[in-house]
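Data block below; observations after.
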Amino acid sequence: MKVGVLAFQGAVREHINMLKMAGAYPIPVKKEEELNDVDALILPGGESTVIGKFLRETGLGKIIVEKAKNGMPIWGTCAGMILLAKKIVNEDYVHLGLMDIWVRRNAYGSQLDSFIVRKVVPAVSEKPLELIFIRAPYAEKAGPNVEVLLELDGKIVAARQGNLLATAFHPEVTGDPSFHKYFLDIVCLN
Ligand code: GLN
């Protein structure tokens, strides 16, 4: 399967390495031709305002919205989760607005910018996974069509809505391809 990684900014190389480990064929995506060549897409972590600006300026955002509505599997990690959300509760703009989640940017504040926890995410793996949060968002609520995959202290940090997957943390920097396999095996094939 050809999986695109939106390659304007952020943790692009890390996702590409993990996709290879998980048995997919990764393609960095910056142009429409590249987007048209892939079966699925990852929106990496980074800075959502920067990536969002590129999406608007290049017109790729509109094409991604169309493709998502036609069923293309899309996974947003961290900044990518913010890009997917229908509502950003502490901002007055929205990017792709595809997924029925209400996210808070930089939700864990400045003194707790980054942290790591180990948790079982039942849909993904029976063993505890390392979850790395870097200036991460969380979702405060989700619509009825959203399957919550993991909550942390009552906040949604992993969720799926059909072909759309969002994680507040960064599986691509852990060395464990479980989440990438979940995206390829479950989200992309259902
Ligand atoms: N805080 C960043 C943002 O708002 C996201 C951080 C990340 O992707 N690691 O875009």
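Think of the chain as a dipole: +1 on every Lys or Arg Cβ, -1 on every Asp or Glu Cβ, centred on the Cα centre; then among L165, L35, A139, A139 lies furthest on the positive end.
Where in the range 20-68 are there GluC sites (Glu not before Pro) that are in a DSSP coil and have at most 16 other Cβ atoms within 10 angstrom of their Cβ? Passing sites in the range 20-68 are E47. Ranking L189, M18, F115 by how far each Cα lies toward the positive end of the dipole of the chain (charges on Cβ) leaves F115 at the top. Among T77, T49, the sequence by solvent-accessible area, most first, with a 1.4 Å probe is T49, T77.
Hydropathy first: keep DSSP H helices in the chain averaging at least 0.5 on Kyte-Doolittle, then drop any whose Cα extent along the axis falls short of 27 Å, and list what survives. Taking the DSSP H segments of the chain (at least 27 Å long, mean hydropathy at least 0.5), we get none. The order of I116, I186, I63, I82 by accessible area, most exposed first and with a 1.4 Å probe, is I116, I186, I63, I82. Expressed in Å, the radius of gyration and Dmax of the Cα atoms of the range 134-189 are 11.6, 33. Qualifying trypsin sites (Lys or Arg not before Pro) in the range 141-190, where qualification requires a DSSP coil assignment and no more than 12 other C-beta atoms within 10 Å, are lacking entirely. For the chain, the Stokes-Einstein estimate of translational diffusion at 4 °C and a viscosity of 1.567 mPa s comes to 81 µm²/s, using the Kirkwood hydrodynamic radius over alpha-carbon pairs. On a per residue basis, the range 31-190 carries 45 Å² of accessible surface, using protein heavy atoms and a 1.4 Å probe. So which chymotrypsin sites (Phe, Trp or Tyr not before Pro) in the range 14-107 pass both tests, a DSSP loop state and at most 11 other Cβ atoms within 10 Å of the Cβ? Here the chymotrypsin sites (Phe, Trp or Tyr not before Pro) that fit, given the DSSP loop and packing criteria, are Y93. In the structure shown, do any of K86/K155; K53/K181; K2/K69; K127/K155 have a Cα-Cα gap over 25 Å, and if so which? K53/K181, as the Cα separations exceed 25 Å there. Carbon-plus-sulfur accessible fraction, the range 6-127 (probe radius 1.4 Å, protein heavy atoms only): 49%.
Count Lys and Arg as plus one, Asp and Glu as minus one, and take only other residues whose Cβ is under 10 Å from that of V157; the net charge is then 0. Where in the range 58-85 does the amide nitrogen come within less than 16 Å of the point 7 Å from the Cα of K31, taken along Cα to Cβ? Label zone hits: 58-60.
In the distance distribution for the range 63-129, Cα-Cα pairs more than 19 Å apart total 49 percent. Its Cα centre serving as origin, the chain has a Cβ charge dipole (Lys and Arg +1, Asp and Glu -1) of approximately 140 debye.
The values are calculated or read from the model by the stated rules, or taken from the named source; none is laboratory data. What you see is a predicted model; the values in this text were computed from it and never measured. Reconstructed Cβ throughout: ideal geometry from the backbone, glycine too, with neighbour counts over all protein chains shown. Note: accessible area is taken over every heavy atom of the protein model, side chains too, but ligands, DNA and RNA are not part of it. Shrake-Rupley method; radii C 1.70, N 1.55, O 1.52, S 1.80 Å.
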